[in-house]
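One structure below.
The values are calculated or read from the model by the stated rules, or taken from the named source; none is laboratory data. Keep in mind it's a predicted model, so treat the numbers as computed, not measured. Cβ atoms come from the backbone with ideal geometry, glycine included; neighbour counts cover every protein chain shown.
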Amino acid sequence: MKHSFRRNQVALASMAALAAIALTPTTASAAKPAGTYVTGDFHNHTTCSDGSISMQKLVKKVTDRNETPWGLDWFVQAGHGGSGNRNCTLAEDASLATPAYPLVYSSTGQLQGPTTTWQNTNPAVNPKGTVSGSAPGQNMWRWQSIQEYQYPQLEYLAAYLNKPMFVGVESVAPGHEHVSMSVVTGQMPKSLDSATLPTTPGYNALGNATALAQWEYCFDRNDSDRSRGNTVAGGSVGNNWDCSVPGSLNSADPSWNVAAQKLIPAGGAGTGERGHAKAVESMKWLAKNHPNESYYVPAHLERAGPFNPDGNNGFNIEHLRNFNNAAPTVAFGFETQPGHGASDNRGEYSPNRNSIGGVRVDSVGGTTWGGTGVYGAQIGGVWDALLGEGRNWWFFASSDWHNRGMFGPDDRRSTQDFYPGEYQRDYVMVRNGADKKLRPQTIVDGLRSGNSFATTGQLIDRLAFIACASYAGPATRSNAAVEALAVEAAKNNTDIDRSGCATMGEKLVVRPGAEIVVSIVVRDPSGVNYAPYTFNNPSLAQVGISQPLNAPVLDHVDVVRGMVTGYKKPGAADYAGQWPNDWLLNPVMANVPAAAKNTTASVIKTFNSATWTAVAGDAEYKKMTFRIPAVAASQYVRLRGSNLPASVPYETDASGNPLADVYTNAGDTTKLTIPCTVAGTNVPANGGVYTGTGIDGCPAHLPTVNGQKYVAYDVAAWADLWFYSNPIFVEVAGSTTVAGVK
């Protein structure tokens, strides 16, 4: 089955010791602690911000492996920074009630669900800080809801369900749009392992999310509270937070607000520049106070268009460089594969999405490309430019769960979002330590490592990707020996720990002239995935392939290589540059500024059923190995793969690159192109709630033009699947240093 994640425990194949050679190890001299690739999601929403369901319901949907079989291994419950007036600790129904958090009823006996305002709750909960809104619907600042309500409830649920979870934020970034982030300091302490949970209402947390709450107060653009985290603005009862950053201007900065003890940039001309400066200060604060306990990952960063120096829109490449320069252990990647995968505009990316200076502008790239933003999807583009500097800059995906669009939250169909784990997954190497328990810190360490890959639609669920050095003579390595390491690592769902070898997020340091043996093993699990659709993929039907939407097959794996030339310097001509505004109409790399591209990046190898080999005894595993001869310059290799072959009309070009998703976006029905023609015998109407997995014909919610249904919404997403790996770097002695990777 696609969702049957076996954990075969097979010992790693042994290898003869290599002769002593002048190689720098790929990792520290001490052996790497054992680890496992585990699945998770760090960007999603509940009624704590603008989501449609309670935290209890989302946790159940995400962690359950029976009613919703896509249960994740770890989960970060996030939501927008700023404020909100709904009491997200309240549950929808009795199935979600717990001893410490039972259902709550009004004084007249009516159930109070998660859309009840804080002040209408029985008993009333009053927001702190600067007053926002009018009673009984006043907003609670997010710092308070995190610190006093959301964290204690999630800590209780983590212990009650024995699930690894913690709290994060989708910050509304000053000068930009949104960023997925967290500070795990204080969250889910080890003492929780042996805690006795209450059997009556009420819970006193053992840990805290105070550090996260303070960061949100200090640096979120939507948090205009000036109380310093106190009960009332101007008072001294409470947190008394000071947002100063050691070594920065702080009170000497023109944006500093004395009463609030934080930066509050003025609006108007220069808003974006002042906002970005505050965002960089937030990186410095994290680097000073929580350098290993936090992460800061720009979310759906192409969506709002290019950076706007006079407003709050997107991110250009120079902003990503600035973040990574300020806090390389915190700002180490981007969420360029956005959620909202079933939206009428996939990822909520679209042409003419925003206005900058009175001019309508596209999301950067105009749309997603195979469900991924152009910064990550375009070979030789922004991601390759950052990797070409030797930066630790990793690829992540997320669900961005809010709601099901025209359907209720329990329906299997969607015209908006997928649940965390249902469609997209981050597979992250986590080294649990002696107690073998997933903890917030080990998860953050795993995210930071870059030893991860992201998939959609359960296209693959195992990946071993390794590179080893080989020299003439006694230090030679055969393809078969390296491939054996990769096979056993994949079967164990782990990575390798061999001198002279490296995996994702690592670098291999070699002498000039070394051969690099690259081995890839993936598992394309047989059976079905989590799609509710059993009819054949309409996109593949265009090229004569009959393949059910819920049983995708990996078509090919591409190996992308780029050269490393070193960090670009702030202020240099090739440091800053905006992606072209007309990319959707004119996707020509020659028009991309030098700062935002790496012209050395290209596909150097493609494997498919004709060139990979099934692993003996388990045909779900595909192995593929090749050599990079006589390396003379520092470089990296990364992977991508799809269920779609090259030259699928309106999906892939002749080279297998993803095409713009405008042809399957219902936001503009004039561009819909791929027909959906299967009638089926089990096609439920839109009005009910469908909870099964057997829709055998084109669903009723697909857009219809001139009597013909077309591929869009969730059908488009399930039809078009991809995986992306993070890179392996090769540093050649005497060539460019891969400075951002250990």
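Counted as qualifying within the stretch 118-204 are the strands (runs of 3 or more DSSP E) with 2 or more residues that are touching a Pro at 6+ places or on another chain (Cβ under 8 Å), namely 178-183. Whenever a residue of the stretch 402-413 is touching a residue at least 12 places away in the same chain (Cβ under 8 Å) and more than 13 Å from residue 693 (Cα to Cα), its partners that are in a loop (DSSP other than H, G, I, E, B) and among the β-branched types (Val, Ile, Thr), lying with C-beta atoms within less than 6 angstrom and at least six residues away or across chains, give the pairs 405/415; 406/415; 408/689; 409/53. Taken together, the criteria place residue 26 among residues that are crowded, with 24+ Cβ neighbours inside 10 Å, outside any helix (DSSP H, G or I), of a type outside the set (Lys, Arg) and at pLDDT below 50. Within the stretch 606-619, identify whether any single residue is within 25 Å of residue 511 (Cα to Cα) and either in contact with a Cys (Cβ under 7 Å, 6 or more places away or on another chain) or at pLDDT 95 or above (or both), and answer yes or no. No, the conditions are met nowhere in the stretch 606-619. Does the stretch 471-489 contain at least one residue that is closer than 25 Å to residue 393 by Cβ and of a type in the set (Ser, Thr, Tyr)? No, the stretch 471-489 has no match at all.
Here the stretch 653-677 is the region considered, the condition is being in contact with a Leu (Cβ under 8 Å, 6 or more places away or on another chain) and free of Cβ contacts under 8 Å to residues at least 24 places away in the same chain, and the residue that is farthest from residue 512 (Cα to Cα) is 663.
Restricting the stretch 223-246 to residues that are in contact (Cβ under 8 Å) with a residue 40 or more places away in the chain and within 14 Å of residue 282 (Cα to Cα) leaves a set whose member that is surrounded by the most Cβ atoms within 10 Å (Cβ to Cβ) is 223. A single entry from 520, 516 fulfils the requirement of being in a strand (DSSP E or B), closer than 30 Å to residue 473 by Cβ and within 23 Å of the chain's Cα centre (by Cα): 520.
Scan the stretch 725-740 residue by residue and report those that are surrounded by fewer than 24 Cβ atoms within 10 Å (Cβ to Cβ) and either within 24 Å of residue 643 (Cβ to Cβ) or within 27 Å of the chain's Cα centre (by Cα) (or both). Those that are surrounded by fewer than 24 Cβ atoms within 10 Å (Cβ to Cβ) and either within 24 Å of residue 643 (Cβ to Cβ) or within 27 Å of the chain's Cα centre (by Cα) (or both): 739, 740.
Could you figure out which of (1) more than 27 Å from residue 68 (Cβ to Cβ); (2) in contact (Cβ under 8 Å) with a residue 24 or more places away in the chain; (3) under 29 Å from the mean Cα position of the chain (by Cα) isn't true of residue 715? Going through (1) more than 27 Å from residue 68 (Cβ to Cβ); (2) in contact (Cβ under 8 Å) with a residue 24 or more places away in the chain; (3) under 29 Å from the mean Cα position of the chain (by Cα) one by one, residue 715 breaks only (1). Among the conditions (1) surrounded by fewer than 24 Cβ atoms within 10 Å (Cβ to Cβ); (2) in a loop (DSSP other than H, G, I, E, B), the only one that residue 448 does not satisfy is (2).
If you filter the stretch 644-660 down to residues that are of a type in the set (A, V, I, L, M, F, W, C) and surrounded by fewer than 19 Cβ atoms within 10 Å (Cβ to Cβ), you find that the one that is farthest from the chain's Cα centre (by Cα) is 654. Applying a threshold of 6 Å to beta carbon distances and a minimum spacing of six or more residues, or different chains, the list of pairs starting in the stretch 315-331 at a residue that is farther than 12 Å from residue 273 by Cα and ending at one that is of a type in the set (Val, Ile, Thr) and surrounded by fewer than 23 Cβ atoms within 10 Å (Cβ to Cβ) reads 322/280; 326/280. For the stretch 476-507, give me the residue count where each residue is out of contact with any helix residue (DSSP H, G or I) (no Cβ under 9 Å at 6 or more places or on another chain), within 26 Å of residue 436 (Cβ to Cβ) and small (Gly, Ala, Ser). Total meeting the criteria: 5. Looking at the structure I just gave you, is residue 361 among the β-branched types (Val, Ile, Thr), buried (at least 23 other Cβ atoms within 10 Å of the Cβ) and on the phi < 0 side of the Ramachandran plot? Spelling it out, it is not the case that residue 361 is among the β-branched types (Val, Ile, Thr), buried (at least 23 other Cβ atoms within 10 Å of the Cβ) and on the phi < 0 side of the Ramachandran plot.
Candidates in the stretch 397-419 are the residues that are closer than 21 Å to residue 664 by Cα and among the small types (Gly, Ala, Ser); of these, the one that is surrounded by the most Cβ atoms within 10 Å (Cβ to Cβ) is 397. In the stretch 107-117, of all residues being in a loop (DSSP other than H, G, I, E, B) and over 34 Å from the mean Cα position of the chain (by Cα), the one that is surrounded by the most Cβ atoms within 10 Å (Cβ to Cβ) corresponds to 110.
Against the test of being out of contact with any helix residue (DSSP H, G or I) (no Cβ under 6 Å at 6 or more places or on another chain) and in a loop (DSSP other than H, G, I, E, B), the options 418, 465 yield a single qualifying residue, 418.
The lone criterion from (1) over 25 Å from the mean Cα position of the chain (by Cα); (2) under 30 Å from residue 345 (Cα atoms); (3) in contact (Cβ under 8 Å) with a residue 40 or more places away in the chain; (4) surrounded by fewer than 22 Cβ atoms within 10 Å (Cβ to Cβ) left unmet by residue 628 is number (2).
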